[in-house]
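What follows is one structure encoded as structure tokens, with my remarks underneath.
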Amino acid sequence: MSKSKSLKYRPEIDGLRAFAVLPVVLFHLGLGFPGGFTGVDVFFVISGFLICGIILRESDEGRFSMLRFYERRVRRILPAFFAVIFASLILAALILYPGDFDMMGHHLSYISLFASNIQLSLFEGGYWAADAKTFPLLHTWSLAVEEQFYFVMPVILIVLHRWFRKHLFGALLCLFFVSLAYCIYATQAIPQQAFYLLPSRAWEMLLGGMVYLLIQRDCPWAKSPLVGSLLGAVGFVLMVGSYFMITGEMAFPGYIALFPTVGTALFIYSNSWGTNWTGQLLAWAPMQFIGKISYSLYLWHWPLIIFLKAHRWPEQITVTDKGALFVVSFVVSVVSWKFIEQPFRHSAKRHSAIKAIVPACALLVLMLGVSLVIRKADGFPSRIAWIEGEAVPRIKAEQEALGLAGNQPIFNAMDEFHNGGYQVGTSDGEMPQFVVIGDSHAGMYGPQLSQLSVEYGEPVAFFTEASVRPFFQNDVETDTLVYSFIEKWKPSVILLIIKMDDELWRVVSDPDHARHLEHALRRVSENCDALYFVLQTPKSVEHNIRGDFDLLQLRVISLLTDGAIELPHMVDEPEISRLSRLQTKNWLEGLRLPNLTILDPGTYMLEDGKTVIADQQGRLLYLDDDHLSNFGAEHVSPLFREVFKEVVETSR
């Protein structure tokens, strides 16, 4: 292969990095560029071009070393990456509510394994979901895709280079079309997986690799200044057009991702034998400098945005805030590039690969350990008083005075499970005919179900406890205890009331867990006359910070009303809520249990697709995003009254 400019420093590629990262940052700040997220696709092509070029060039020269390759990746990527992770952990401990901190711990587990894209591919709503947009480390998904490519591609290229060198371009072209075809299919069939996962993104990096090979062919016609200017102009227009014409509402990546990626490929190719006007534009010194700090800028800007939003919530950040965030992100990135990236990147010495890789692996293990501690501690809820100061006890007292107590302590009945749960209406060894099983979403209906028990003379047992989901958490001791009573009583009705947000992704991603749940529900179904599964209540808000039970009534009201004096009667049901409830219903119907009935609180909490948040008397029906107040539970109680009436009429 002949040498070309592709093997030397190319200032216009640093400028191209700037041209990629700036739209991403401005898009995340909400300062224009509706298609700014496609800057990530530009980065993918650049990465493929450079990485494939390094591997093939060194293989040609007989000096490629896998160990040395990964050492360079470690020195290039991980120092700034670790700095952002640990800074984010400190800020999260100071700012985030327990639910968000716990979710960050969960996400961090995947990040430490370079698999955050896999987790996010299973997250409801994907990249565009409101909850996803509260993840301080959401943007690491693209790093995970690249790292996975770095694990796979060297092996593929070494094999092709050694045994199929003459067919190297053809082989990459075949892989390119296979990945692209899958991407187009998956974007329609499984859009979240298409957005996040390597098989549907690999073609973008393979495109960069093919550009490198085409440059080595040294085509005479491609060196023409006229042809170079024309190709560069087309590429430039495609990239700019992507930033302004593509939106998050389009099916992406799919064939639409060809616009920014082909544009990038044309730009790189057309500037390989001398820069045309597009290359000269991006080789401008300020663009070069932004390109040099682009990696740090990409890493730092998103956590800074999220933590400021969390600190200001429920107020929105202003345009002034956004401008200040851009400046702060830029300054922090310069410092990160100068004092973190550069020293580690250029400190390599002979035989230093192990000295770089081993500490990096140790830090990744430490990250995993920290994430598990955060998850085990449920986000350290004891920090709430520290975060909110005196507001917590004051507003909790106001809640109780308004009758908004929600889930009452007596329905946190874990301590009574061994005695048959918390029972209402039983006497003289009478067996409960109604059994209620679930977490706080079951407990919040406790007062209404107890009242119906007395009214209809049907004894009820509650196996309910906040954050405890019998049969859904693989807690053998709890499951065995609950099974023992329902198999003894053979009740007329079992009501399962579980928060399914956190369970659905496990059902989709873990076949063993899905089989466990199906077996559990069949076993429950076989030991009662009628099994009722109550869907989750429609969410009231799609707020920036996850609601916890002690998240404050006035903060939720403030978000719902946007400062209005009177509560609105209804708000739009968040899309993530609608999808979650629909997916739960579809999964349950797919089990085909003969005595299963699905009860939907949305019958009473939705009107024309909107969530009812206040009754006709103006009383708030929600405590937080998905827990009902006592007023809300009372509003839904006719749903359960029909169940009691049917049992009584059947027994006559």
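Every number here is computed from the coordinates shown, using simple stated rules; none is lab data. Since this is a predicted model, take the numbers as computed values, not measurements. Heads up, the Cβs are rebuilt from the backbone with ideal geometry, glycines too, and the neighbour counts pull from every protein chain shown.
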Quote to one decimal, in nm, the extra length available between VAL327 and ALA233 on full extension: 0.36 nm per residue of separation minus the C-alpha distance between them. 30.8 nm
Counting pairs of alpha carbon atoms under 8 Å apart in space and at least six apart in sequence, what relative contact order in percent does the chain give? 17
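Ratio of Rg to Rh for the range 5-382, alpha carbon only, Kirkwood?
When Rh is taken as the Kirkwood radius, the ratio is 0.96.
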If you take the charge dipole of the chain about its Cα centre, with +1 on Lys and Arg Cβ and -1 on Asp and Glu Cβ, which of GLY32, ILE77, VAL507 is farthest toward its positive end? ILE77
Of all DSSP beta bridges with both partners in the chain, the antiparallel percent, nearest 5, is 35
Taking semi-axes √(5λ) of the Cα gyration tensor in Å as the quantity of interest, determine which of (i) 54, 26, 23; (ii) 72, 32, 22; (iii) 41, 26, 22 was computed from the displayed structure. (i)
Sort the following peptides by mean Cβ neighbour count (other Cβ atoms within 10 Å, averaged over residues), highest first: 511-519, 477-485, 113-121. 113-121, 477-485, 511-519
Of the listed pairs LYS309/LYS539; LYS376/LYS488; LYS322/LYS376; LYS322/LYS499, those with alpha carbons more than 27 Å apart are LYS376/LYS488; LYS322/LYS376; LYS322/LYS499
Could you let me know the centre-to-centre spacing of the range 323-343 and the range 409-424, using Cα atoms, in angstrom? 55
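For CYS183, CYS174, what ranking results if the residue with the fewest other Cβ atoms within 10 Å of its Cβ goes first?
Ranking CYS183, CYS174 by Cβ neighbours within 10 Å, fewest first, gives CYS174, CYS183.
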When you count, for each residue, the other Cβ atoms within 10 Å and take the mean per peptide, how do 142-150, 186-194 rank with the highest first? 142-150, 186-194
Could you check the spin-label model distance between SER509 and GLU607? Points 7 Å from the Cα along Cα→Cβ, value in nm. 3.9
